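In what follows, a structure is listed as structure tokens, so that the remarks can point back to it.
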Amino acid sequence: MTPIEKVDLERLKFSDHREVQDLMRICYPKIEGPEWSRSELKKLASVFPDGQLVIKVDGKIVACAMSLIIDYTRFDDDHKYIDITANDTFSTHTNQGDTLYGLDVMVHPDFRGLRLGRRIYDYRKEYCEKLNLKRIVIGGRLPNFHKFDDISAKEYIEKVRRKEIHDPVLNFQLSNDFHVKRVVKNYLPEDEASESYAAILEWSNIYYTKPNERYKPEKTVVRLGLVQWGMRPYKNYDDLTEQIEYFVDAVSGYQADFLLFPEYINAPLMAEYNHMSEPDAIRELAGYTERLRDTFTDFAVAYNTNIITGSMPEFRDELLKNVGYLCKRNGEIEKYEKIHVTPDEVKAWGMTGGDKIKTFETDAGKIGILICYDIEFPELSRLLALEGMDILFVPFLSDTQNGYSRVRNCAMARAIENECYVAVAGSVGNLPKVHNMDISFAQSVVFTPCDFSFPTTGIKAEATPNTEMILIVDVDLNLLKELHEMGSVRTKKDRRTDLYQISLKKDA
């Protein structure tokens, strides 16, 4: 597959109908009957635009999904597809319904490794929660059922559930927390591969409240995944990225919105150049940076999580800098730089500080990123807070507990000062064959402000010190909004701007 630059999830437009029809022919080659017609797609996009989705990879439609909102009390679990669509008139759709009904999901076979189906279902679940609907219901095909003449549909589903039989549709639905309500015959008569059977599946919205109860429509809980990375020798680049992908896979399994790696994550590769001087060795290491950035980008898209890559050396225009990348799950990439390099980075490597200070808009809030030593300069985080930062991520590398304590204590102060969450992630272990990178000490933590809605210690969660592991933490952005206006103290709102202020120089 050629490298992917951008992934977009959009509403279906009527002008998309030809691409959608072509996609259906590819996805359902064995189903007889007409594809989605122009009039049907136009009708769906008209009656329920939020429910008709396409995913474009570099501008090309490679996945799509159709759905309706229905009043499920009008149907029973023995319904057919034609009942739900009212003979393809879609008159069953109602904004007063209680159920999001999935009519179709298609993903081009060449793009199924990118987890686009999961991205569609994540959208559907969030939409269901936003509208306070009770459930999502679908009629799931059983495309491999025709291969088993000696078992019933019920037995087939049980064997799929026990992993004795692989069914791509049912396996996917079960892994997305759907449960089988009923097996229906003649659900879609033209589906010969399923012998016209379908499993009626349901996902329940645990946040549903009865209409007469108080309901909060926005979901603002963001899940963070911190990697406490183990520094150890690797044979080559592929071994290093295999371990990185292992952690990405593990954290994405918990549906994390952000994944944070530590500073100098690719330092183990410098062992190959240990015979060189330290400045030459790290410049050789910088040769991997662009390649590693692209690898992280592929992982972000494939595993549907925003990845903060930690940091890597970059040698450009005769300057050596410490940089990192925010690789978004839609394929976009943004760069950040270490502003304040340490005396040791200057002495050993001749490193230069960067000049990029900015916040980043993401699909899970506005974030800032500061590399290690930068957290010890409160002006930087204050500038980011004034731009509306919700979460500050700090990839770091510290050799001694003294250095770690500086990062930790300053990060905790930044969370209180700026009324934001601060996540710090570092490395543990050692690199015996890499000069100037001998040992590492870390304890990764998520800090919070100190007020009644947060832990009294200001610590949301912390990893085990000096142990390779991941830390999964949920943070609620709504609590920050409440704090800004109603906190016991309001360090953002109560600043005496009549006496002092901080600003970024225009030429920076």
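Below is a table of values for the structure above.
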quantity: Cα centre as origin, Lys/Arg/Asp/Glu Cβ charges: the chain dipole, Debye; calculated: 980
quantity: 3J(HN,Hα) from dihedral phi, region 451-458, Karplus parametrisation 6.51/-1.76/1.60, rounded to Hz, x for glycine, proline; calculated: 8, 4, 7, 10, x, 5, 7, x
quantity: Extension gain, Glu242 back to Asp476 (0.36 nm per residue minus Cα-Cα distance, nm); calculated: 81.0 nm
quantity: Computed over the chain: relative contact order in percent, which uses C-alpha pairs under 8 Å that are six or more apart; calculated: 11
quantity: Table column - 3J(HN,Hα) (Hz), region 131-136, Karplus curve with 6.51, -1.76, 1.60, x for Gly and Pro; calculated: 8, 6, 8, 6, 6, 10
quantity: Degrees, to the nearest 10: 477-486 long Cα axis against longest axis of the chain; calculated: 60
quantity: Phi to ³J(HN,Hα) by Karplus 6.51 cos²θ - 1.76 cosθ + 1.60 over region 13-20, Hz, x for Gly, Pro; calculated: 10, 4, 5, 7, 4, 5, 5, 5
quantity: Mean-position separation - Cα centroids, region 96-117 and region 260-305, in angstrom; calculated: 36
quantity: Per-peptide average of other Cβ atoms within 10 Å, ordering 221-231, 374-384 highest first; calculated: 221-231, 374-384
quantity: FRET efficiency for Arg11 and Ser405, using Cβ-Cβ distance with R0 set to 51 Å, rounded to 0.05; calculated: 0.50
quantity: Set of lysines with alpha-carbon distance to Lys460 below 22 Å, sequence-local pairs under 8 removed; calculated: Lys219, Lys366, Lys481, Lys492
quantity: Helix axis angle, 401-418 relative to the chain longest principal axis, alpha carbon, degrees; calculated: 60
quantity: Sequence-distant lysines (8 or more away, or on other chains) whose Cα lies within less than 28 Å of Lys163; calculated: Lys30, Lys80, Lys125, Lys147, Lys154, Lys181, Lys185
quantity: Helix 237-252 vs. the chain, principal-axis angle (Cα, 0 to 90°, nearest 10); calculated: 60
quantity: Among the listed pairs Lys235/Lys433; Lys6/Lys56; Lys6/Lys60; Lys6/Lys43; Lys13/Lys60; Lys356/Lys493, those beyond 19 Å (Cα-Cα); calculated: Lys6/Lys43; Lys356/Lys493
quantity: Amide H contacts of Leu259 (H built 1.01 Å from N, under 5 Å, at least 5 apart or other chain); calculated: Gly225, Asn306, Ile307, Ile308
quantity: Low-density loop positions, GluC sites (Glu not before Pro), region 219-292 - DSSP coil, at most 11 other Cβ in 10 Å; calculated: none
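Just so you know, all these numbers are worked out from the coordinates, no wet-lab data involved. In this text the structure is predicted, and so the values were computed from the model without any measurement. Glycine gets a Cβ as well: all are built from the backbone with ideal geometry, and neighbour counts include every protein chain shown.
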